[in-house]
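One structure is given here, and the rest of the page talks about it.
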Amino acid sequence: MEKYDAIIIGAGAAGLFCAAMAGQAGRRVLLLDNGKKPGRKILMSGGGRCNFTNLYIEPAAYLSQNRHFCKSALARYTQWDFIDLVGKHGIAWHEKTLGQLFCDDSAQQIVDMLVAECEKGQVTLRLRSEVLEVARDDAGYTLQLNGETVSAEKLVIASGGLSMPGLGASPFGYKIAEQFGLKVLPTRAGLVPFTLHKPLLEQLQTLSGVSVPSVITAEDGTVFRENLLFTHRGLSGPAVLQNFQLLAAGGVRHHQFSTGLRSGELP
């Protein structure tokens, strides 16, 4: 049985970065993923150019029942640290609206960067590895894989959620959490549009495809300033999707919309 200091399950953005940092800190790390390639979601993010960070990251931009949860993480590693890492790897980038940073070329550059950082930390990466069982004792964690057994003092679950089953998403992380007594809330869609019904839908269908600046305020006071997109079924766009992400978390019952359109005006 092979022994490691840490085992990380999930070679997405979080798992790759975690493995790289742990490996470079001198830990012996094993990174596992059930897919054929690492960073599969990264490759399709940002329209294939990867929206890898934002200039205006701050704790207030994150939604959580514990509003202080992300403060320590953001204080220890900032967006400027990641931008510096991107620069060291020679990746050219550009800024879009509201401080969003994208690769000039391809999201593959970010995947290659994270894999290179893992190699720098001498991380062992094993793809097509299915975790069949996880057990814990006083020495740490023992994992049964498809064909072997591995163990480590520390275990990190970075397997993601249920959003994209076609890319290998599964309820694995939730099952492990429940196994070790952690509370798991019922899952629901986090990024969804606002579907309208007649007669309002019929009145707005002529605007389908039109995008306008907007401000959406939720009942708890959270404000989203982004574009709102009229669709053939209702409302979508970054502002709406973010607002309904808050709704999915159970924090919203009322919404107030304000757009850049005046009565009788079309862009």
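The values are calculated or read from the model by the stated rules, or taken from the named source; none is laboratory data. Since the structure is predicted, the reported quantities are computational estimates derived from the model, not experimental observations. Cβ sites come from the backbone with ideal geometry, for glycine too, and all protein chains shown count toward neighbours. When the accessible area is computed, the model is the full protein with side chains, heavy atoms only, and any ligands, DNA or RNA have been set aside. Shrake-Rupley method; radii C 1.70, N 1.55, O 1.52, S 1.80 Å.
When the range 173-182 is filtered for residues that are open to solvent by 70 Å² or more (accessible area, probe 1.4 Å) and either under 19 Å from the mean Cα position of the chain (by Cα) or among the hydrophobic types (A, V, I, L, M, F, W, C) (or both), the ones remaining, listed by number, are Tyr174, Phe180, Leu182.
What helices (runs of 4 or more DSSP H) lie completely within the range 9-119 and have 2 or more residues being touching a helix residue (DSSP H, G or I) at 6+ places or on another chain (Cβ under 9 Å), open to solvent by 80 Å² or more (accessible area, probe 1.4 Å) and under 29 Å from Val131 (Cβ atoms)?
Values: elements: 13-24, 40-44, 71-76, 79-88.
Output list reads 40-44.
Filtering the range 214-233 to residues that are assigned to a loop (DSSP other than H, G, I, E, B) and over 14 Å from Leu196 (Cα atoms) leaves Glu219, Asp220, Gly221, Thr222. The test for being within 30 Å of Leu143 (Cβ to Cβ), in contact with a Leu (Cβ under 9 Å, 6 or more places away or on another chain), of a type in the set (D, E, K, R) and open to solvent by 30 Å² or more (accessible area, probe 1.4 Å) does not hold for Lys3. Starting from the range 56-72, take each residue that is among the basic types (Lys, Arg) and list its partners that are surrounded by 13 or more Cβ atoms within 10 Å (Cβ to Cβ), counting only C-beta distances under 8 angstrom and pairs at least six apart or across chains. From the range 56-72, the pairs are Arg67/Pro59; Lys71/Pro59. Of all the listed residues (Leu143, Leu162, Leu132), the sole one being in contact (Cβ under 8 Å) with a residue 60 or more places away in the chain and not small (Gly, Ala, Ser) is Leu143. Only one entry in Glu58, Glu2 is under 30 Å from Thr217 (Cβ atoms) and of a type in the set (D, E, K, R), namely Glu58.
So which of Leu201, Leu191, Leu185 is farther than 24 Å from Ala19 by Cα and open to solvent by less than 60 Å² (accessible area, probe 1.4 Å)?
Leu201
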